[in-house]
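As structure tokens, the structure follows; a few thoughts come after it.
The values are calculated or read from the model by the stated rules, or taken from the named source; none is laboratory data. None of these values were measured; they are calculated from a predicted model. Note that we place each Cβ from the backbone using ideal geometry, even for glycine, and neighbour counts take in every protein chain shown.
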Amino acid sequence: MKAVVQRVESTRVVVEGREVSRIGKGLLVFLGVAKDDDRKDADYLLDKVINLRIFEDEEGKMNASLLELSAELMVVSQFTLLADCRKGRRPSFGEAAEPATAKPLYEYFLEQSQKKVRAAGGIFQAMMKVELVNDGPVTILLDSKKA
């Protein structure tokens, strides 16, 4: 499972011209599910995400986590994180999980997030417009297989 984590001032997800979710200050997570991922991968990444010390503390140092600040989390499914671009010019998505496998893991990640922090999500397999205001910018790449 792969994640791109961005520190944001705000984020909203729009599908077919309709806003489906919105958060304020917090983290936006683009989540990609691989063929061999399971709940352990989701649990590992969620723990990493909510405890990453990438928010500024009182001294201006990146020393506070989403959990500590009671900030918000937006989770958006993005299979393109599994793209393999080593050959040719067209990405291969052979490592991405099929929707029947990926959707339950995405939903599990979101449900577990909502048990720990204020969290919202996109709509799995929808064509989404994700609007965000980066904070920093701060962008972190996470991979559950590189634990």
Looking at region 1-21, which of its residues are part of a loop (DSSP other than H, G, I, E, B) and either of a type in the set (Lys, Arg) or surrounded by fewer than 17 Cβ atoms within 10 Å (Cβ to Cβ) (or both)? GLU16, GLY17
Does region 99-108 contain at least one residue that is modelled with pLDDT of 95 or more, under 27 Å from GLY136 (Cα atoms) and in contact with a helix residue (DSSP H, G or I) (Cβ under 8 Å, 6 or more places away or on another chain)? no
Of all residues in region 24-51 being over 13 Å from the mean Cα position of the chain (by Cα) and part of a loop (DSSP other than H, G, I, E, B), the one that is surrounded by the most Cβ atoms within 10 Å (Cβ to Cβ): ASP37
Can you find a residue in region 76-84 that is of a type in the set (Phe, Trp, Tyr), farther than 23 Å from MET128 by Cβ and outside any loop (DSSP other than H, G, I, E, B)? no
Every residue in region 129-147 that is assigned to a strand (DSSP E or B), over 14 Å from the mean Cα position of the chain (by Cα) and within 22 Å of LEU82 (Cβ to Cβ), please. LYS129
Does region 100-120 hold any residues that are touching a residue at least 12 places away in the same chain (Cβ under 8 Å) and either assigned to a helix (DSSP H, G or I) or hydroxyl-bearing (Ser, Thr, Tyr) (or both), and which are they? THR101, ALA102, LYS103, LEU105, TYR106, GLU107, TYR108, PHE109, LEU110, GLN112, SER113, LYS116
Test of understanding: among ASP84, ASP57, ASP143, which residue is at pLDDT below 95, under 14 Å from GLY32 (Cα atoms) and surrounded by fewer than 18 Cβ atoms within 10 Å (Cβ to Cβ)? ASP84
Hey, SER70 hits all of (1) modelled with pLDDT of 95 or more; (2) surrounded by fewer than 16 Cβ atoms within 10 Å (Cβ to Cβ); (3) of a type in the set (S, T, N, Q) but one; which does it fall short on? (1)
